[in-house]
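Okay, structure first, notes after.
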Ligand SMILES: [Fe+2]
């Protein structure tokens, strides 16, 4: 399978109203580790080789600040920047050296549904990256709300060179490598963050990781279950600000032979919301949380 222009989902930047509470949750309960710190900012890594998978920024209210994807080459990054500008996106920064501690070259732009995307190349990686049982090792996918899911899928395909993999009634799935999806677009009345999913090594790790969260006083908010498109195992949680975060694993690995399926082909039997039939109906608090993290107003220039 040939490498796509964007080849990796690296990290998410979140704005949070209480950085200390966020640090406690994402280190003690969620099991990330701090790799860099600045006034009002924290960068956290998982066990894999990405410099960080989550950046936290003190702000007045919670918001999705940016989603960062890695380009497969500098030329691919420049091409994406040109295509984004041609699509009518506001280029906020670059291509230029990324001021974040992960370094490399980046371009930052706001896509038409409002998500700020940072495309990086040559960013720092950890030499000790590895999968460790029961711990998140990288991001799996980011689910962002979109007013027009089909148009968004078209944007991610045409501008970022991602591949559409499935379209259910409420969601569109696009990939940038063998993972079935890296970005999910969820049908909503306004843009914003739906949820962030972190990859664990296997099903057992999702279950034991969920148990560690329960021990830390963080109950499972939805799941455990196995999703339809992507076939991944999931357990959803709420962070201290009701940002929805997911532990997942066993995401379907696909190549160019994968056959796209549409809304009429993705249906659950009555009463089911997952393959196993054990996930209860999604609680209203989770549904609300999935539409309650708006886009931020980052200028794209500051780290
Ligand atoms: Fe998810």
_Of all beta bridges DSSP finds with both residues in region 6-121, what is the antiparallel percent, to the nearest 5?_
75 percent
_I'd like the antiparallel share, as a percent to the nearest 5, of DSSP beta bridges with both residues in the chain._
75 percent
*Under a no-solvent Debye model with one identical scatterer per Cα of region 6-121, what's log10 I(q)/I(0) at q = 0.14 Å⁻¹?*
-0.58
*Where the centre of each part is set by its Cα atoms, how far does region 118-177 sit from region 281-303, in angstrom?*
17 Å
*How big is the C-alpha Rg of region 138-198 next to the rule-of-thumb value 2.2 N^0.38 Å, as a ratio?*
1.00
*asked:* Can you tell me what share of the DSSP beta bridges in region 13-63 is antiparallel? A percent to the nearest 5 is fine.
replied: 70 percent
*Length added when fully stretched, residue 157-residue 256, from 0.36 nm per residue minus Cα-Cα*: 34.2 nm
*Using every alpha carbon pair in the chain, what percent of pairs falls into each 20 Å bin from 0 up to the bin containing the largest distance?*
36, 61, 3
*asked:* Once you place label points 7 Å from the Cα toward the Cβ at residue 292 and residue 147, how far apart are they in nm?
replied: 2.3 nm
*asked:* Give me the extension gain from residue 82 to residue 284: residue separation times 0.36 nm, minus the current Cα-Cα distance, reported in nm with one decimal.
replied: 68.6 nm
*Simple spin-label model, 7 Å along Cα-to-Cβ: residue 58 to residue 189 in nm?*
3.4 nm
*Please give the FRET efficiency for residue 208 paired with residue 242, using the beta carbon to beta carbon distance and R0 = 35 Å, rounded to the nearest 0.05.*
0.90
*asked:* I want to check the label-to-label distance for residue 178 and residue 215. Put each point 7 Å from Cα in the C-beta direction and report it in nm to one decimal.
replied: 3.2 nm
_Relative to 2.2 N^0.38 Å, what does the C-alpha radius of gyration of region 138-289 come to as a ratio? Two decimals please._
1.01
*Over what distance in Å are the Cα centres of region 20-40 and region 61-105 separated?*
25 Å
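Values in this text are rule-based calculations from the coordinates and carry no lab data. Here the structure is a predicted model, which is why all the values come from computation and not from measurement. Please note: Cβ atoms are built from the backbone with ideal geometry, for glycine as well, and neighbour counts cover all protein chains shown.
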